[in-house]
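Engineer: Structure below; questions to follow.
The values are calculated or read from the model by the stated rules, or taken from the named source; none is laboratory data. Bear in mind the structure is a predicted one, so any value in this text is a computation, not a measurement. Cβ: placed from backbone, ideal geometry, glycine included. Neighbour counts: every protein chain shown. For accessibility, only protein heavy atoms count, side chains too; no ligands or nucleic acids. Shrake-Rupley method; radii C 1.70, N 1.55, O 1.52, S 1.80 Å.
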Amino acid sequence: MPCTVTMTVNGKTVSREVEERTLLVTFLREHVGLTGTHVGCDTSQCGACVVHVDGRSVKSCATLALQVDGATVTTIEGLAAADGALHPMQAAFREHHGLQCGFCTPGMVMSAVDLVNSNPSLSEQDIREGLEGNICRCTGYHNIVKAVQAGAEAMNADQAAKIAAE
Amino acid sequence: MYAFSYQRPTSLAEAVAAIQADEAKLLSGGQTLLPTLKQRLAQPSVLVDLSAVPDMKGVAAVDGGLTVGAFTRHAEVAHSDLVKATIPALAHLAEGIGDRQVRNMGTLGGSIANADPSADYPSAVVALKATLTTDRRAIAGDDFFTGMFETALEPGEIVTSVRFATPDKAAYAKFRNPASRYAIVGVFVAKFGAEVRVAVTGAAGSVFRVPAFEAALAANFKAEALNGLSVSADDLNADLHASADYRAHLVTVMAKRAVEAAG
Ligand SMILES: Cc1cc2nc3c(=O)[nH]c(=O)nc-3n(C[C@H](O)[C@H](O)[C@H](O)COP(=O)(O)OP(=O)(O)OC[C@H]3O[C@@H](n4cnc5c(N)ncnc54)[C@H](O)[C@@H]3O)c2cc1C
Ligand code: FES
Ligand code: FES
């Protein structure tokens, strides 16, 4: 039976008729048209589908849209500024060659942002362990770790500048 | 997935009523159930989502221990200051489950109700003398796990919370599958005064205790007390990750590591 689900996606309220079994990733990609969130494995292994639900990173291929009814969701499309300026973590991935084919990148970036938000002083080991839910078949991970280190520094600097400005 | 209907009850009474429906199934974090449904290994008529049931979430201090709501996510247990201060081994166990995204969704109740032979929490339930509360009764942790993916729960019975006893010392050591992070062998050691409990997960169809290790550690709570002791490989799991003999070997190694970590 179709039912209505409503959530805030990247700052906008969206409401769609879905089936009960509609996954969050299907909702985002097919109902809302945000195809930046990828499906790599569909079996909870690869993390290409990671989005933030109320600020926490989750695998949207293992979550029902109905489970997050009423929640606030951020996808990779919601990270950049309104003027198109990349989020510091996105910029760091570009700068440090944290991607090759780019398929895993949306999930990597979303996981990395959640990681930095929860712990601003990450060691290399923290980053490697924090990204255990994300698989990349191209890069060999070293440049991803470098990118996250640089992204974390940039996010912390932004945060410090914001506090200084207040 | 086959089609199903969906309910999100806002009280335990409503959840109990909803789960009586034919082929109804409880949905907690969904990290095990949804992949099962995606593979069409089950065909429930209705999913009863427990996320809005009050009093099933969070950690509270109680006399002699901690009560953890069944809907408490692994990440909340891992990061709880109360758990870290009272039973740090439990926070450490939760932090080692799966990956960050699984921990952000998966729950204590879903993990123990599922009773995967390689799951981490069953070892804590047994080693920490837990008592489970359901919608209708209390169940001793020792009696809860009855076999591979089998528990003492009756059809439609809902776990609401788990009470863990605070040990004097405890630690959990696991040899994990590097891909899934499930336990190939995990050993939870807990010391309560003169009593020691050693609970092993991952090695057999269901969590089990090792009386010979417990007696040796009760006499001398040191890793070397386990020198020369081992469990029989008969009836242990064997799969592409580890043979039964290797698992038997790992039980002693992980038990020693847990004793060392417990200090
Ligand atoms: C990639 C990956 C890696 C993982 N790694 C690990 C690991 O290293 N260690 C580990 O232990 N686990 C691991 N898991 C499993 C994870 O911990 C799951 O979260 C857990 O097994 C199920 O919890 P859930 O809240 O998601 O339950 P669900 O999937 O929602 O439910 C599981 C089952 O329990 C029933 N149920 C749920 N709640 C209740 C309740 N309150 N009362 C009665 N029945 C209930 C449901 O009906 C269902 O049958 C992993 C999972 C994935 C996807
Ligand atoms: S598509 Fe969700 S984890 Fe791979
Ligand atoms: S860049 Fe290709 S999968 Fe990671």
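Engineer: Kindly establish whether B:Ser180 is of a type in the set (S, T, N, Q) and either at pLDDT below 95 or under 17 Å from B:Leu90 (Cβ atoms) (or both).
Structural biologist: Answer is yes for this residue.
Engineer: Give me the residue from segment A:28-61 that is within 14 Å of chain B (Cβ to nearest Cβ), more than 12 Å from the chain's Cα centre (by Cα) and at negative phi and, out of that set, farthest from ligand 1 (Cβ to nearest atom).
Structural biologist: Top of the filtered list is A:Val39.
Engineer: Out of A:Gly70, A:Gly78, report the one residue that is away from chain B (no Cβ under 14 Å) and of a type outside the set (Phe, Trp, Tyr).
Structural biologist: Of A:Gly70, A:Gly78, the one residue that is away from chain B (no Cβ under 14 Å) and of a type outside the set (Phe, Trp, Tyr) is A:Gly78.
Engineer: Could you grab the pairs with beta carbons closer than 9 Å, sequence gap of 6+ or different chains, first residue in segment B:205-216 and assigned by TED's automatic domain parsing to the domain that holds B:Phe145, second one part of a helix (DSSP H, G or I)?
Structural biologist: none
Engineer: Determine whether B:Val162 is part of a helix (DSSP H, G or I), more than 16 Å from ligand 3 (Cβ to nearest atom), away from chain A (no Cβ under 14 Å) and open to solvent by less than 20 Å² (accessible area, probe 1.4 Å).
Structural biologist: So B:Val162 does not fit the description; no.
Engineer: Here is a further query. Given the structure, is B:Met148 within 27 Å of A:Cys61 (Cβ to Cβ) and surrounded by fewer than 24 Cβ atoms within 10 Å (Cβ to Cβ)?
Structural biologist: yes
Engineer: Among the numbered criteria (1) touching a strand residue (DSSP E or B) at 6+ places or on another chain (Cβ under 8 Å); (2) in the same structural domain as B:Leu153 (by TED's automatic domain parsing); (3) of a type in the set (A, V, I, L, M, F, W, C), which single criterion is violated by B:Ala91?
Structural biologist: In the conditions (1) touching a strand residue (DSSP E or B) at 6+ places or on another chain (Cβ under 8 Å); (2) in the same structural domain as B:Leu153 (by TED's automatic domain parsing); (3) of a type in the set (A, V, I, L, M, F, W, C), B:Ala91 misses (1) alone.
Engineer: Any residue in segment B:97-116 that's outside the structural domain of B:Tyr182 (by TED's automatic domain parsing): show its pairings with residues that are of a type in the set (Lys, Arg) and assigned to a helix (DSSP H, G or I) at Cβ separation under 9 Å, as long as the two are six or more apart or on different chains.
Structural biologist: B:Ile97/B:Arg103
Engineer: Please go through segment A:11-36 and pick out each residue that is in a loop (DSSP other than H, G, I, E, B) and either crowded, with 19+ Cβ neighbours inside 10 Å or more than 16 Å from ligand 3 (Cβ to nearest atom) (or both).
Structural biologist: A:Gly11, A:Glu19, A:Glu20, A:Arg21, A:Thr22, A:Val32, A:Gly33, A:Leu34, A:Thr35
Engineer: Need the failing condition index for B:Val198 against (1) out of contact with any helix residue (DSSP H, G or I) (no Cβ under 8 Å at 6 or more places or on another chain); (2) within 21 Å of B:Ala89 (Cα to Cα), just the number.
Structural biologist: (1)
Engineer: List every residue pair whose Cβ atoms lie under 8 Å apart, where the two residues are 6 or more positions apart in sequence or sit on different chains, the first residue falls within segment A:11-24 and is more than 9 Å from chain B (Cβ to nearest Cβ), and the second residue, located anywhere, is modelled with pLDDT under 95 and open to solvent by 20 Å² or more (accessible area, probe 1.4 Å).
Structural biologist: A:Glu17/A:Pro2; A:Glu17/A:Cys3; A:Val18/A:Pro2; A:Val18/A:Cys3
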